[in-house]
Amino acid sequence: PPPAGASPGSGALNPFDRRLKRKQKNWAALQAEPAKCDYLREEVRGRGRWRGHLQCCGRTFPFALDVGSGKGYIAQHLTKETVEKLIQVDIAENALKNAVESEIPTVRVVADEEFLPFKEDTFDLVVSSLSLHWVNDLPKAFKEIHQVLKPDGVFIGAMFGGDTLYELRCSLQLAELEREGGFSPHVSPFTAVADLGHLLARAGFNTLTVDTDEIQVNYPGLFEVMEDLQGKYILCMGESNCSWNRKPLLHRETMLAAAAIYQEMYGNSDGSVPATFQIYYMIGWKYHESQAKPAQRGSATVSFGDLAKIEGLLKGGKK
């Protein structure tokens, strides 16, 4: 359960209704045609970032944890050569019951991503794909992931970034300001990329890498965007808004105004409109004495001032 005080009155500290999110994900896990519902997760998995990061590690991980595993999107990509045993954790029991079978021996645990029920120094690898943007306390979640990792263990994750659905958010806000004199959030808040590296470092991770990618989907118009996001796609994915301060409905006039703004500001030449999903990919290691260490301050043998001479030396070499 969420911590005491997780209510609309404490939305500043707990922006998301975790009980509602659990219901949404349980409902999503029971829907038919999962391939249509999970297209974003499949796209993120299929772009090869997980394979690349794991191959760069160059090792086999005896014990791994998948945080917010859902139906096992990452497990489909893992092999016995990379992971020997896997624990899948998700807040929704229906997602775990309907998880895709993997060749890796797997144990499934129903638990909240914000409160991992594992001992310190347990896992060699922790992965997470498109689930951490729903936790109320992201710094705490990163600290818990760092805590359950063994020294020299690695965390590899992906989550939605701050520019996700910016076209939709901007159009709705401008329309509400014009028609209703104010606006409320209809798309959940996301973390900025500038903050992500700091949060990982504060949690204790080192040798950090954070990069971004964008997935763009084109629709005939705003109403089709809203239908897919609220209906057969995002609700099926369990990605519908669960913010405490979400607005229950939108007036028709506001929607019509938003549709016109969306088309005017972001419309493509063929009449369609784009919906952008920004993805952050991150990798961080838990400290171990065997890891490479930065050189001591003042131990450099070349001055940065000498870099200005490189161009001249290269030109001279060509001659």
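The values are calculated or read from the model by the stated rules, or taken from the named source; none is laboratory data. Bear in mind the structure is a predicted one, so any value in this text is a computation, not a measurement. Don't worry about glycine lacking a Cβ; one is built from the backbone with ideal geometry, like all the others, and counts go over all protein chains shown. Accessible surface is based on the protein model in full, side chains and every heavy atom, while ligands, DNA and RNA are left aside. Shrake-Rupley method; radii C 1.70, N 1.55, O 1.52, S 1.80 Å.
See the values below:
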| read-out | value |
| --- | --- |
| Where residue 153 falls short, out of the listed (1) open to solvent by 20 Å² or more (accessible area, probe 1.4 Å); (2) on the phi < 0 side of the Ramachandran plot | (1) |
| Hey, residue 112 part of a strand (DSSP E or B) and charged (D, E, K, R) or not | no |
| Residue list for the stretch 268-283, restricted to those being surrounded by 11 or more Cβ atoms within 10 Å (Cβ to Cβ) and among the small types (Gly, Ala, Ser) | 272, 275 |
| Residue check, residue 286 within 30 Å of residue 203 (Cα to Cα), surrounded by 10 or more Cβ atoms within 10 Å (Cβ to Cβ) and either within 33 Å of the chain's Cα centre (by Cα) or at pLDDT below 80 (or both) | yes |
| Number of the condition not met by residue 12 [criteria: (1) open to solvent by less than 60 Å² (accessible area, probe 1.4 Å); (2) over 24 Å from residue 277 (Cα atoms); (3) modelled with pLDDT under 75] | (1) |
| Verdict on residue 171 being modelled with pLDDT of 90 or more, open to solvent by less than 20 Å² (accessible area, probe 1.4 Å) and closer than 30 Å to residue 259 by Cβ | yes |
| Check on residue 75, out of contact with any helix residue (DSSP H, G or I) (no Cβ under 7 Å at 6 or more places or on another chain), within 24 Å of residue 21 (Cα to Cα) and open to solvent by less than 10 Å² (accessible area, probe 1.4 Å) | yes |
| Pairs where the first residue, in the stretch 151-174, is closer than 25 Å to residue 127 by Cβ and the second is small (Gly, Ala, Ser), C-beta under 6 Å, 6+ apart | 155/284; 157/128; 158/129; 162/192 |
| Single residue of 41, 49 found to be at pLDDT below 65, open to solvent by 10 Å² or more (accessible area, probe 1.4 Å) and within 30 Å of residue 218 (Cα to Cα) | 49 |
| Boolean, residue 196 is exposed (fewer than 14 other Cβ atoms within 10 Å of the Cβ), modelled with pLDDT of 75 or more and in a helix (DSSP H, G or I) | no |
| Filter result for the condition that a residue is open to solvent by less than 30 Å² (accessible area, probe 1.4 Å), within 20 Å of the chain's Cα centre (by Cα) and modelled with pLDDT of 90 or more, over 132, 138, 96, 125 | 125 |
